[in-house]
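Structure first, then comments.
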Amino acid sequence: MTQPIVIVGGGFSGAMLAARLAELRQASVVIDRTGDFGLGVAYSTPFGGHLLNVRSARMSAVEGRPGDFVDWLAVHRREFADPDDFAPRKVYGQYVRDRLAAVEAAHPGLIDKRIGEVAFIETDGVILSDGARVQGRAVVLATGNPAPAATANDAGGRVIPNPWASGALDRIGPEDAVLILGTGLTMVDMIQLLVARGWRGRATALSRRGLMPRAHGDRPDARAALPPEALEGSVSTRLAAARRLAGTGNWREVMEAYRPITADLWAATDTHRRARLVRHLRPWWDVHRHRIAARIGRALDALRAEGRLTVVAGRLGRVAQGETGVLAHWTPRGGGSAEPLCAAWLIDCTGPAHSAATDPLTAPLIAVGRARMDPLGLGLDLDATGHVLYTDGSPDPALFVLGPPARAAFWETIAVPDIRKRIEDVAAALTTRP
Ligand SMILES: Cc1cc2nc3c(=O)[nH]c(=O)nc-3n(C[C@H](O)[C@H](O)[C@H](O)COP(=O)(O)OP(=O)(O)OC[C@H]3O[C@@H](n4cnc5c(N)ncnc54)[C@H](O)[C@@H]3O)c2cc1C
């Protein structure tokens, strides 16, 4: 029997790759520090109000079987079976686990799930933090998003650095004022969670631009017909064409039109233009592309209208311990000064810290020339299949990256519809090797 594939990380990407490999009769060992195989941060939330941000019809875990999730819902969770709706993320987690279990039952012995912390990547496998070695003929890094980087000091224990940590919000009282760093999807999740727990306080959310994720429409949007100038030429020409189209019609239809071709456009874009996109467009792209369910958008609008959620744009300065919690100095966007923000708690919702250059797993690979950063520092440099590139630019046939850490090569590799395509590519590469 050939040696297994070692998969580091057992979230959606790692677990679903293991399932696909088993279907192709290839054994794998999936190693995850949490042991919650198939869930990761996204689908391990126990809170039913945390909804998918993609309609169920697009959330099949299996490339080539578009109805897989909706069919599963119809059998197991009929109350959520509307394909155009946004199911709870915990229900999606149940679906992913069911698929994993079904494949394990159909192909016994091909998926070995191990709980552990992978500490080192070798040429023929990995070493766990307890010193155990797991050998394989290739390694796939499916490690997901790293934990948030610390952005504020502890202010006498009033800063909640990782809101995803178990019990992170438990100390927040029902009337406590909270200051939230970040105005993206993590902020949205945390506000919802607080409200569901009976919190009646006020929140101020601060980010550089004060941009919040836009909401989906109530019904699915069609794809606009993009004119040639929205697809070719300089970044500013394309952007101007897309804006013109959005201004005359439905901006969501414009975003939908870019959706299936974004990865190809990214691949065809040179480093200079990628740098411009990342620098100028990314914050705007993110809030229009990664949308929230319409009913969550309405709930947030209601909180803002009641004055319970205020969003401000600016830069965080010094954070100190105040009389009633934290005192955060900040500079409003555009300059000037403002009163410090006072709150009982500061929740850091700035999201993951992308740092392949300093990550304990990947930094040693870079140090020995087995990997290199992409020119923009977005992540490891990969080829079009996901092989890690050596310093000289040639692909390592036995080392792959899958999921969010592969963003430098694919850009769109964060959501399920993109990851399931990449699973197919990586599985094909791993099973057609001599
Ligand atoms: C809150 C949230 C909501 C989201 N909602 C949606 C959605 O509605 N629809 C959608 O399409 N996408 C959504 N996403 C995007 C999400 O990135 C993907 O859907 C998918 O969950 C990514 O899975 P992953 O396995 O690549 O990463 P993760 O889910 O992050 O899993 C990585 C796993 O690797 C483990 N790990 C990391 N390093 C090591 C190590 N050294 N040793 C051992 N184990 C390790 C981690 O513990 C983790 O379990 C969401 C993301 C988040 C964070």
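The values are calculated or read from the model by the stated rules, or taken from the named source; none is laboratory data. These numbers come from a predicted model, not from an experiment. As a convention, Cβ positions derive from the backbone with ideal geometry for all residues, glycine included, and neighbour counts pool all protein chains shown.
Taken as a whole, the condition of being modelled with pLDDT of 95 or more, in a loop (DSSP other than H, G, I, E, B) and touching a helix residue (DSSP H, G or I) at 6+ places or on another chain (Cβ under 7 Å) does not apply to Ala357. Within the stretch 2-37, the set of residues being part of a loop (DSSP other than H, G, I, E, B) and either acidic (Asp, Glu) or touching a strand residue (DSSP E or B) at 6+ places or on another chain (Cβ under 9 Å) (or both) comprises Gln3, Pro4, Gly9, Gly10, Gly11, Gln26, Ala27, Arg33, Thr34, Gly35, Asp36, Phe37.
Scoring Trp199 on the criteria (1) over 26 Å from the mean Cα position of the chain (by Cα); (2) surrounded by fewer than 19 Cβ atoms within 10 Å (Cβ to Cβ) leaves a single failure, condition (2). Looking across the stretch 372-419 at every residue that is over 15 Å from the mean Cα position of the chain (by Cα) and of a type in the set (Ser, Thr, Tyr), the one that is farthest from the ligand (Cβ to nearest atom) is identified as Ser394.
So that you can scan it fast, the table gives a plain yes or no per residue for (1) touching a residue at least 60 places away in the same chain (Cβ under 8 Å); (2) of a type outside the set (D, E, K, R):
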position	(1), (2)
Gly49	yes, yes
Glu63	yes, no
Leu73	no, yes
Val91	no, yes
Gly109	yes, yes
Arg114	yes, no
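Scanning the stretch 1-57 for residues that are β-branched (Val, Ile, Thr) and within 8 Å of the ligand (Cβ to nearest atom) yields Val8, Ile31, Thr34, Val41, Thr45, Val54.
Screening Gly144, Gly217, Gly210, Gly201 for residues that are within 16 Å of the ligand (Cβ to nearest atom), in contact (Cβ under 8 Å) with a residue 40 or more places away in the chain and either closer than 24 Å to Arg407 by Cα or assigned to a loop (DSSP other than H, G, I, E, B) (or both) leaves exactly one candidate, Gly144. State the number of residues belonging to the stretch 167-198 that are away from the ligand (no atom under 15 Å from the Cβ), touching a residue at least 40 places away in the same chain (Cβ under 8 Å) and part of a helix (DSSP H, G or I). Count: 2.
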